[in-house]
Amino acid sequence: MEITTGWLVVAFLAATAHALYGPADDVKELTAKNFKKMVLKSDEIWMVKFYSPGCSKSKKLAKEWKKAATALKGAVKVGAVDMDAHGSAAKPYKVSETPTIKVFGANKKKPTDYEGKMTAAAIEEAGMMAALMAGKFEL
């Protein structure tokens, strides 16, 4: 019984070790199945990070992305697409490297590229600017 339990724990840890985001994070894990419903059909502004779990830049950005998601909670939705598992979700947006951040504003068919600094503060600022430009908030 102990051996079986031990192997189940090892299998679970191996299966979840690649994920950079979990249920406790304010980052919404987006998949090929839920992307259209959650992002494209939403009235909300979304900032989406397309990442690869094995990419060192993606891993480094994860902490900042989580901070930004928490700060933007209630104003802008923040999501992440694991390109290794759900790369088809990124195909229409010509994502060629990771990490790539796209801002899905009022026109969901034409997201804009985020080209700012990879810090929580800069990401938060871009998210709030996108929300302002979409008329979600007033100064």
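The values are calculated or read from the model by the stated rules, or taken from the named source; none is laboratory data. The shown structure was predicted, so the numbers you read here are calculated from the model rather than taken from an experiment. Don't worry about glycine lacking a Cβ; one is built from the backbone with ideal geometry, like all the others, and counts go over all protein chains shown. In case anyone asks, the SASA skips ligands and DNA or RNA and just uses the protein heavy atoms, side chains included. Shrake-Rupley method; radii C 1.70, N 1.55, O 1.52, S 1.80 Å.
Looking across segment 38-78 at every residue that is over 16 Å from VAL95 (Cα atoms) and among the polar types (S, T, N, Q), the one that is nearest to the chain's Cα centre (by Cα) is identified as THR70.
What's the total number of residues in segment 39-62 that are more than 17 Å from PHE104 (Cβ to Cβ) and either assigned to a strand (DSSP E or B) or without any contact (Cβ under 8 Å) to a residue 12 or more places away in the chain (or both)?
So the count comes out to 1.
Being among the small types (Gly, Ala, Ser), at pLDDT below 95, touching a helix residue (DSSP H, G or I) at 6+ places or on another chain (Cβ under 6 Å) and more than 24 Å from PRO23 (Cβ to Cβ) is the requirement here; does GLY105 meet it? Yes, satisfied. Screening GLY87 on (1) modelled with pLDDT under 95; (2) part of a loop (DSSP other than H, G, I, E, B) shows it passes everything except condition (2).
Within segment 122-134, restricting attention to residues that are in contact (Cβ under 8 Å) with a residue 24 or more places away in the chain and out of contact with any helix residue (DSSP H, G or I) (no Cβ under 7 Å at 6 or more places or on another chain), which residue is surrounded by the fewest Cβ atoms within 10 Å (Cβ to Cβ)?
Top of the filtered list is MET133.
Is it true that THR4 is modelled with pLDDT under 95 and within 23 Å of SER88 (Cβ to Cβ)? For THR4, the condition - modelled with pLDDT under 95 and within 23 Å of SER88 (Cβ to Cβ) - is not met. With the structure loaded, tell me whether LYS66 is of a type in the set (Lys, Arg), farther than 20 Å from LYS136 by Cα, outside any strand (DSSP E or B) and open to solvent by less than 80 Å² (accessible area, probe 1.4 Å) or whether it fails that test. Yes; evaluated as a whole, the condition is true for this residue. The set of residues from segment 87-104 being among the hydroxyl-bearing types (Ser, Thr, Tyr) and open to solvent by less than 90 Å² (accessible area, probe 1.4 Å) comprises SER88, TYR93, THR98, THR100.
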